[in-house]
Amino acid sequence: MIGPTLRYSLSWEETPSPPDATYERPVIYSFWHRAVFASAWLWRKIGIAVMVSRSFDGEYIARTIEKLGFVAVRGSSSRGGAEALLGLKSQLEQGNLVAFTIDGPRGPKYIAKPGPVLLSRASGFPMAAFYVAIDDAWVFNTWDRMVVPKPFSKALVRFSRKIQVPALADDAQMADFHRQLQSALDRVTAYAEENVHRVGSAEFPIIQKR
């Protein structure tokens, strides 16, 4: 009921290909757990692969996102992570998108885990970050401060530039790419939150709903 009322605008650090894209593929995307609701609605039904925990809560989440047209790859940073990364690598090789709720499943909030860096090195595909800011939302008192948009809210999606991890990156380089991913997430979060009120202006036009 809420999703069809939302008004989205997209903003990029670098011009996407094609320029009118709402995402690029195949890319390894990372975003904060709190932005799941608005992200899931915008990119439903296009087969994005998402790592989902093997916990009881994860089973509920997997069933829900599969109904929205996502591919649930089971595993997390604490259980089944290596197997899940192989599953995500296979999805990329098939030309599909991959997305990580990168501070999930239990936090700490706004701290990126290294999964996308490992996957980028193993797969040869680039990673990028995005964030969805909402101008009027309910914010839950949960570890991630989950955001649920109120009807007719504005939503600004900000994408970072892509980051390519070389196949032969050593431990020191991997740590640096992890820092770059954290920095990208911090940048897009700050930008989207500062500019979401401008959605609907000439600079931030509302995209046509799919």
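The values are calculated or read from the model by the stated rules, or taken from the named source; none is laboratory data. It should be emphasised that the depicted structure is a prediction, and the values quoted were computed from it without experimental measurement. Note: ideal-geometry Cβ built from the backbone for every residue, glycine included; neighbour counts use all protein chains shown. Remember, those area values only see protein heavy atoms, side chains included, never the ligands or the DNA or RNA. Shrake-Rupley method; radii C 1.70, N 1.55, O 1.52, S 1.80 Å.
Listed by first and then second residue, the pairs linking a residue in the range 169-189 that is free of Cβ contacts under 8 Å to residues at least 40 places away in the same chain and more than 15 Å from residue 103 (Cβ to Cβ) to a residue that is of a type outside the set (Lys, Arg) and buried (at least 18 other Cβ atoms within 10 Å of the Cβ), with Cβ atoms under 7 Å apart and 6 or more places separating them unless they lie on different chains, are 180/163. Taking the listed residues 156, 181, the one that is under 19 Å from the mean Cα position of the chain (by Cα), closer than 17 Å to residue 35 by Cβ and part of a strand (DSSP E or B) is 156, with no other qualifying. Taken over the range 1-15, the residue count meeting the criterion of being open to solvent by 10 Å² or more (accessible area, probe 1.4 Å), assigned to a loop (DSSP other than H, G, I, E, B) and either touching a residue at least 40 places away in the same chain (Cβ under 8 Å) or in contact with a Gly (Cβ under 9 Å, 6 or more places away or on another chain) (or both) is 4.
Here is a yes/no grid of residues against (1) small (Gly, Ala, Ser); (2) in contact with a Lys or Arg (Cβ under 7 Å, 6 or more places away or on another chain); (3) open to solvent by 20 Å² or more (accessible area, probe 1.4 Å); (4) at pLDDT below 95:
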| residue | (1), (2), (3), (4) |
| --- | --- |
| 149 | no, no, no, no |
| 158 | no, no, yes, no |
| 171 | no, no, yes, no |
| 175 | yes, no, yes, no |
| 179 | no, no, yes, no |
| 200 | yes, yes, yes, no |
| 203 | no, no, yes, no |
| 206 | no, yes, yes, no |
